[in-house]
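These notes concern the structure reproduced below.
Please treat every number below as a calculation from the coordinates, not as lab data. Everything numeric here is computed off the predicted structure, so don't read it as measured data. Neighbour counts are summed over all protein chains in view; Cβ atoms, including those assigned to glycine, are modelled from backbone coordinates with ideal geometry.
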Amino acid sequence: MTTWPDRAAAQLLAELTGKIDHQLTHAQALRRELHRHPDLSGAERPTADRLRRALPGLKATRVADTGFFVRLGPPGPAVVVRSELDALPLTEQTGVSWAAADGAMHACGHDVHLAALWSLLEAARSVELPVGLIGLFQPREEVQPCGAESVISSGVLDAEDVVAVIGAHVQPRVAPGVISTGPGAVNAAADRFEIIIHGHPGHGAYPHVTIDPVPVAAAIITGLQELIGRTIDPLHPALISVGRLEAGTAANIIPATARMEGVIRTMDEADRSHLQQAIRQLAEHTAAARGAHAEVIITIGDPVLFNDRRLVRYTDSLIGHLGLPLAHEPFRSCGADDFSHYTTIAPIMMAFVGVHQDPTVRLRHRSDALARQEIGLHHPEFLPSEDSVRAVAFTLASGYLAGTQLAHDQG
């Protein structure tokens, strides 16, 4: 049996990674520029313009309003490599000279992903590609409705004969420099819910003539946690998180309503359907038992992210060929990513790249207790080190070549 990567794949991988290394300083400078000027979801056009200017001579096709893609290589089958354009509504607290200062921040590593994809595309310009390479700069990963759905529904990829879609994400919970792929479910489905409890307002001194929605909300929140512990198989990852709770305007007024918002995260489709229904029943019955009324709104979000087994196998072979460490156990989490939607058009694979904090980040204002806490994704001090651009670019190059082999298998 012939081992893979074969000579041609190994040579192309060496060419791509060599060119990525040659232009690494430029990629890191681009990352800093993108980090300094983040754009929120739906308003990413300035970021997209910066990237288009950084890719002179490549035809850019607009997609999903503020996103775009470019294509290199021969006509026919193509592998899509995707990165995300948007930042988060956070005030940066890293203290570096190139920190953002406008209330938005690349606190999820999207600046690293963008610079890595730019580096791969630049490297691919001067090599002979076996199948097409589509660099997709996607908007609105952080919000609903998400950018991936818009890209797919626009139909712009329908004529591209897409055989695989590849992504990579920095992940501080993976050891620095380690790459994690893993077949099957690696990210959870994420559905949002809103519960509005309607009571009867009045003076805080006379609760017996009111229907107080606040203790109803508290009972519902407690019950939501019991749904996970007592109705879901304990071997199945599942979470219900209430991230927002609001009620009332003054200490001595029993309010008319209380409102909560949260997220359901599941790795199993049956659990997903069950919890959507169970949350509705729990809220309605808990409120009714106390004379109140609960209105439940569930918004379907991203599905489970399933990595294709063949893409994982080929990618792992290439990463091993590069001498990069692979995770002993695949990283799987209840995080969600709209990348999961691309499985409707082709096999997909998301890799997680272990990173550590940039050593220049100042943490002088953190107490000893806080200093022991993890600085992870979506944290205002999160800043992957500059070598993460290289690690992500190498991972994307490996994923692209894995997709070319998948195209060969199908052809």
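On the beta carbon distance between Gln225 and Ala205, with R0 = 41 Å, the FRET formula returns roughly 0.80. The distance separating the Cα centre of region 149-182 from that of region 211-242 comes to 33 Å. Only helices enter this figure: runs of n ≥ 4 DSSP H residues, each worth -39500 (n - 2.57), summed and divided by the residues of the chain, yield -11000 deg cm²/dmol at 222 nm to the nearest 500.
Note that region 189-302 shows a convex hull volume over its alpha carbon atoms of 88 Å³ per residue.
In this rough spin-label picture, where each label sits 7 Å from Cα along the Cβ direction, the Asn252-His26 distance is 7.0 nm.
For region 53-92, the direction-averaged projected area of the alpha-carbon convex hull comes to 4.5 nm². Among Ala205, Ala78, Ala115, the largest mean-square fluctuation in a Gaussian network model of the chain, built with springs joining Cα atoms closer than 10 Å, belongs to Ala205.
When the inverse distances between all different Cα atoms of region 1-75 are averaged and flipped, the Kirkwood radius reads 15.1 angstrom.
In terms of packing, defined here as the mean over residues of other Cβ atoms within 10 angstrom, the peptides 3-16, 339-352 line up highest first as 339-352, 3-16. When the alpha-carbon atoms of region 298-411 are used, the pair Rg, Dmax equals 17.4, 59 angstrom.
For the chain, a simple Cβ point-charge model (Lys and Arg +1, Asp and Glu -1, everything else neutral) yields a dipole of about 520 debye relative to the Cα centre.
Calculated on the Cα set of the chain, radius of gyration then Dmax: 23.6, 82 Å. The antiparallel fraction among DSSP beta bridges confined to the chain stands at about 70%.
As a rough footprinting exposure proxy, the listed residues Met105, Met267 were ranked by other beta carbons within 10 Å of their own, and the order from fewest upward is Met267, Met105. Semi-axis lengths, largest first, of the ellipsoid equivalent to region 11-165 are 26, 20, 11 Å, with √(5λ) applied to each eigenvalue of the Cα gyration tensor. The per residue volume of the convex hull around the alpha-carbon atoms of region 302-363 is 142 Å³.
Label positions at Arg309 and Trp98, each projected 7 Å from the Cα along the C-beta direction, are separated by 4.2 nm.
Comparing mean-square fluctuations of Ser97, Ser385, Ser333 from a GNM of the chain with C-alpha springs under 10 Å, the top value falls on Ser97.
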